[in-house]
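This report refers to the structure that appears directly beneath it.
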Amino acid sequence: MVPKRTRLEVRALQWAVLGFLLSVSGAFAQDPSPNAESADDAAKKIERLLKKVDANLYSPAAEVDDLRFRLSVPVLDQMLPDARIEFLWRRGKKEGQSQAFLELELDSPMKPSIQAQVKQQAGRLAGVILRPPLTREFRDAELELTRDGSFYRLSIVPGPESDANWISRVLWIGADFLPKRATTQVAHPDLGSFTEETTYEWALYGDEGAEKRRVLASITTRSPVGEHAVYFEYGDVDGITLARRMEIHGKLDPTGPVVIELADLEINKGIPDEAFQ
């Protein structure tokens with residue numbers, strides 16, 4: 001029989017890391033015929049649209065060469081004070097390349113299997129924290145742009161090298177060039193395939209007198225799994241704005257919101273090769 005503490009370790013770590021990452025993965029007139037214009041013209045229209053969206057949103061990705069922090073979940077810290085999850089990320093030598101790693105410290109015979117699951121989520125966490133420009137995020141994806149009333153309707157199928165946990169997505173972008181909502185076909189290893197509806201809220205962040213940066217304020221997701229919302233709080237580190245705290249409301253925990261924080265954060269300090277091994 002599995003010891004009680006080990007069951008708690010597996011449940012807490014999967015719920016705190018995997019549950020959070022999966023929750024934020026959904027971390028954006030009459031449709032014209034796709035044959036009405038050449039593929040080259042369609043690609044240029046999509047590129048122009050994505051550039052306008054990127055110009056409207058703050059992305060710390062261009063300012064960060066490497067990043068390290070401890071992923072702190074207060075309820076997990078109370079249950080397992082000896083557990084530690086450290087996130088490491090650094091830019092690759094080629095544009096768009098990067099390395100991301102989640103290292104688990106835990107005195108448990110279950111550590112190898114839990115570490116393998118945690119490690120798989122590192123790239124998705126990097127996307128949530130660094131929010132790369134859409135022109136980079138969708139660079140290898142199959143894209144199709146149509147119109148839906150006053151909205152731009154962008155259909156997205158991840159590229160073959162993507163680690164996305166979804167099959168396809170439709171993203172509605174407003175006339176203000178802000179992503180508003182999305183419908184995603186999710187492929188979950190345990191729950192199977194299902195449709196997820198997501199809405200996005202944006203806010204301006206910055207001190208008085210400083211240039212305001214438009215950041216993601218919240219994500220609300222509805223699916224057969226349930227409905228939940230993630231609220232983001234931001235802070236500046238060396239002039240770079242990052243999501244420092246996330247609060248998840250929903251059915252992930254009946255006792256109340258789940259809080260996730262970035263602690264001991266270091267930016268552009270240099271991370272050696274052996275840290276990613």
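The values are calculated or read from the model by the stated rules, or taken from the named source; none is laboratory data. None of the values given here were measured: they were computed from a predicted structure. Cβ: placed from backbone, ideal geometry, glycine included. Neighbour counts: every protein chain shown. Protein only, heavy atoms only, side chains kept; ligands, DNA and RNA dropped before computing areas. Shrake-Rupley method; radii C 1.70, N 1.55, O 1.52, S 1.80 Å.
Structure notes:
- Pairs are defined by a Cβ separation below 7 Å, a sequence spacing of at least 6 or placement on different chains, a first member in the stretch 104-122 that is closer than 20 Å to residue 69 by Cα, and a second member that is assigned to a strand (DSSP E or B) and open to solvent by 20 Å² or more (accessible area, probe 1.4 Å); the pairs so defined are 105/84; 122/100.
- Counted residues, the stretch 140-159 - those being open to solvent by less than 40 Å² (accessible area, probe 1.4 Å) and over 12 Å from residue 172 (Cα atoms): 3
- Selection within the stretch 237-277: residues that are open to solvent by 70 Å² or more (accessible area, probe 1.4 Å) and among the charged types (D, E, K, R). The member of this set that is modelled with the lowest pLDDT is 251.
- Residue check for residue 68: surrounded by fewer than 15 Cβ atoms within 10 Å (Cβ to Cβ), basic (Lys, Arg) and at pLDDT 80 or above: no
- Within the stretch 168-179, tally of residues that are under 16 Å from the mean Cα position of the chain (by Cα) and either open to solvent by 60 Å² or more (accessible area, probe 1.4 Å) or aliphatic (A, V, I, L, M) (or both): 1
- Here the condition is being among the aliphatic types (A, V, I, L, M), assigned to a helix (DSSP H, G or I) and crowded, with 20+ Cβ neighbours inside 10 Å; of 116, 126, 164, 182, it holds for 126 alone.
- Qualifying positions in the stretch 146-195 - in contact with a Leu (Cβ under 9 Å, 6 or more places away or on another chain) and of a type in the set (A, V, I, L, M): 154, 156, 157, 170, 171, 173, 178, 182, 186
- Condition met for residue 190 (loosely packed, with under 14 Cβ neighbours inside 10 Å and at pLDDT below 95): yes
- Residue within the stretch 222-236 that is assigned to a strand (DSSP E or B), more than 29 Å from residue 70 (Cβ to Cβ) and open to solvent by less than 30 Å² (accessible area, probe 1.4 Å) present: yes
- Failed item in (1) modelled with pLDDT under 90; (2) surrounded by fewer than 13 Cβ atoms within 10 Å (Cβ to Cβ); (3) of a type in the set (A, V, I, L, M), with residue 8 passing the rest: (2)
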